Amino acid sequence: MNILAIDTSNQVLGVSLLKDDQVVGEVMTNLTKNHSVRLMPAIDNLMNEIALKPEQLDRIVVAKGPGSYTGVRIGISTAKTMAWALDIPVVGVSSLEVLAYQGRFFPEYICPFFDARRGLVFTGLYQWKDNKLVSVLEEKNLLMDDVLKKLVEDQKRVVFLSPDISIYKEKIQQILGDHAIIPEGPYHIPQAGHLGLAGLNKDSDSTHELTPNYLRLAEAEANWLKQQKGNK
Amino acid sequence: MKKNTLILGIETSCDETAVAIVKNGTEIITNVVASQIESHKRFGGVVPEIASRHHVEQITLILEEAFQDAKVTWDEIDAITVTEGPGLVGALLVGVNAAKALAFAKQKPLVGVHHIAGHIYANRLEKEFQFPLLALIVSGGHTELVLMKEHGSYELIGETRDDAAGEAYDKVARMLNLPYPGGPHIDRLATNGEKTINFPRAWLEEGSYDFSFSGLKSAVINKIHNAKQRGETLKDEDIAASFQASVVEVLTAKTVKAAKQYNVNQVIVAGGVAANKGLRKELEAVFLDTGIPLLIPDITLCTDNAAMIAAAGTIAYEQGRRSGLDLNANASLPLK
Ligand SMILES: [Zn+2]
């Protein structure tokens with residue numbers, strides 16, 4: 001089975017091609033460059049390199065967020081349209097879950113996160129149990145302070161994985177001390193190969209219904225809902 | 001016999017998700033438009049983030065609907081065309097990336113299209129062009145006069161320096177507590193009102209074909225405020241009629257002047273505001289006198305749709321223009 005995995009949900013651009021669970025090729029950049037311009041050429045180049053034609057693809061896996069709203073939409077628009085055109089299944093995988101794969105051999109909590117500004121993070125808690133990645137705390141848009149408070153109470157050791165680790169590194173270490181494990185640079189970069197692997201083991205989504213995992217309402221929508229409540 | 005050219009068009013620059021298939025640039029095979037207007041009404045205008053979210057939800061559904069309706073196979077499609085700009089960048093990105101995914105998956109040529117070129121070419125779906133022609137594009141986002149001497153060549157001779165005409169309509173409508181979009185409501189009120197208030201006409205400097213509507217908008221707002229302070233009551237119908245008279249007079253006068261100066265053989269009006277009855281009536285009356293044929297396409301082709309993008313894209317495709325897989329959305333794409 002030929003699987004194309006696409007991640008444009010955050011700063012990292014990742015494209016991977018897998019034959020079943022084996023990565024055949026991968027493109028990754030960690031640059032503040034335009035995903036919209038670079039995604040399709042990256043896919044095209046990689047497919048050419050591997051001598052794979054679009055119609056030979058069997059499945060597309062896409063990182064569905066959380067992350068940059070625009071970035072996530074670029075990935076999902078591309079993935080679902082391509083899947084629709086090729087009439088193959090598409091699978092959306094949480095961008096946090098992809099990061100959690102980097103903690104594959106850690107027995108306790110894994111806390112992947114993306115910075116969501118103003119002290120907020122998109123995060124959830126994961127744990128590997130019986131070779132399966134299990135969600136321990138539902139993904140949400142939370143204050144990092146609240147996340148850390150909960151972790152102190154849980155008394156577990158936690159590995160933190162995030163391309164935005166530098167923003168919170170000091171605070172995490174301050175609050176959790178040696179319960180916090182923060183690995184070196186490359187562990188904080190989500191890998192499209194992991195994304196493909198995650199998607200291999202999941203049921204496919206309905207192509208039409210696949211939408212981003214924003215974890216946050218659009219600001220106008222949130223304000224509008226607040227207003228509706230106020231009017232009642 | 002020459003084979004027919006079948007072009008797929010995609011348009012997501014604002015608040016409609018649209019897909020169309022057009023034959024030879026002149027015949028609509030299918031034209032599917034999903035409007036988000038009901039969603040944006042809550043906010044009194046188009047919210048870019050919400051628009052982008054709706055486009056992602058809709059895009060493959062609309063593609064599927066278009067293909068089901070057209071009964072066309074992929075083998076018959078010659079190229080994929082898409083609005084690359086101008087418009088809301090987040091909204092454009094959904095269409096552009098979907099188009100690139102299709103071009104790649106189906107190994108078809110890709111052509112990026114300018115939204116205004118699309119509005120002009122909407123007309124060719126009803127009537128063949130006679131060059132040179134002048135196009136007046138009036139919508140919530142645009143007020144432009146474009147001269148075309150041949151297919152695919154666009155010369156911008158006038159544009160708004162501030163608000164688009166449709167934008168001014170929406171703002172005045174809000175002042176009068178009319179629902180969004182305000183244009184049709186003002187148009188309706190205006191037919192029952194008298195032009196009793198003399199609002200300014202922004203002619204700008206001698207010979208300019210540019211427009212400006214922000215002064216007019218401010219004048220309307222001031223008039224309403226002052227009347228309120230003095231305890232006077234102005235009839236909404238009269239405000240609407242007087243405001244509309246100012247917009248229509250400037251649009252019509254500049255269009256006629258340009259049409260005569262450039263000796264055009266056709267005048268085309270496009271964009272959502274082309275549905276305005278006051279504007280249509282005035283333009284029709286004035287151009288009847290000049291003898292220059294005036295074309296205003298059906299309202300479904302005046303507002304944003306993808307058939308117009310496919311129609312403009314057909315010419316670009318036939319002229320050999322191609323976009324790469326690195327095609328990007330450009331919110332302020334210039335018309336060339
Ligand atoms: Zn338009």
_Order by protection proxy (mean Cβ within 10 Å, highest first), peptides B:215-223, A:130-138, A:69-77_ = A:69-77, B:215-223, A:130-138
_Proximal charge balance of B:Asp326 [Cβ under 14 Å; K/R count +1, D/E count -1]_ = +2
*When the chain is fully extended, how far beyond the present Cα-Cα distance does B:Arg230 get from B:Leu156, taking 0.36 nm per residue of separation?*
22.2 nm
*asked:* Which of the three applies to segment A:96-188, rounded, prolate or oblate, going by the alpha-carbon gyration tensor with a ≥ b ≥ c and a/c under 1.5 meaning rounded?
replied: rounded
*Rounded to the nearest 5, what is the percent of antiparallel bridges among the DSSP beta bridges in the protein assembly as shown?*
65 percent
*Can you pull out the buried accessible area for chains A and B, both sides counted, probe 1.4 Å, rounded to the nearest 100 Å²?*
2900 Å²
*Tell me what chain A gives for mean residue ellipticity at 222 nm when only DSSP H runs of n ≥ 4 count, each as -39,500 (n - 2.57), the sum divided by the residue total, rounded to 500 deg cm²/dmol.*
-11500 deg cm²/dmol
*Near A:Val12, within a Cβ-to-Cβ distance under 12 Å, what is the net charge of the other residues, with Lys and Arg +1 and Asp and Glu -1?*
-1
*Indicate the residues belonging to segment B:77-106 that lose 40 Å² or more of solvent-accessible heavy-atom surface (probe 1.4 Å) upon moving from the chain alone to the assembly of all protein chains, ignoring ligands and nucleic acids.*
B:Leu93, B:Asn97, B:Ala101, B:Phe104, B:Ala105
*From other protein chains only, count the Cβ atoms within 10 Å of every residue's Cβ in A:69-80, then give the mean.*
6
*Most to least packed among A:40-49, B:102-111 [average Cβ atoms within 10 Å]*: B:102-111, A:40-49
_chain B: DSSP helices with Cα axial extent of at least 27 Å and average Kyte-Doolittle hydropathy no lower than -1.0_ = B:48-70, B:236-261
*Comparing B:Thr233, B:Thr17, B:Thr303, which has the greatest mean-square fluctuation in the GNM of chain B with Cα pairs linked when under 10 Å apart?*
B:Thr233
*Shape of segment B:50-91 from its Cα gyration tensor (a ≥ b ≥ c, root eigenvalues): rounded if a/c is under 1.5, otherwise prolate when a/b > b/c, or oblate?*
oblate
*Among bridges DSSP assigns within segment A:96-188, what percent are antiparallel (round to 5)?*
70 percent
*Once both labels are modelled 7 Å past Cα along the beta-carbon direction, what's the B:Thr290-B:Asn330 spacing in nm?*
3.0 nm
*Distance between segment B:257-336 and segment B:173-195 - C-alpha centres, whole angstrom*: 25 Å
*When the Cα centres of segment A:118-147 and segment B:85-105 are compared, how far apart do they sit, in Å?*
32 Å
*Provide a whole-number value for the mean count of partner chain Cβ atoms within 10 Å of the Cβ atoms in peptide A:207-216.*
3
*Sparse-neighbourhood loop sites, trypsin sites (Lys or Arg not before Pro) in segment B:1-103 - DSSP loop, at most 16 other Cβ within 10 angstrom*: B:Lys2, B:Lys3, B:Arg42, B:Lys71
*Would you kindly state how much longer the chain becomes between A:Asn131 and A:Glu170 on full extension, computed as 0.36 nm times their sequence separation minus their alpha carbon distance, in nm to one decimal?*
10.9 nm
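The values are calculated or read from the model by the stated rules, or taken from the named source; none is laboratory data. Keep in mind the model is a prediction, meaning the values are calculated, not measured. Cβ sites come from the backbone with ideal geometry, for glycine too, and all protein chains shown count toward neighbours. Accessible surface is based on the protein model in full, side chains and every heavy atom, while ligands, DNA and RNA are left aside. Shrake-Rupley method; radii C 1.70, N 1.55, O 1.52, S 1.80 Å.
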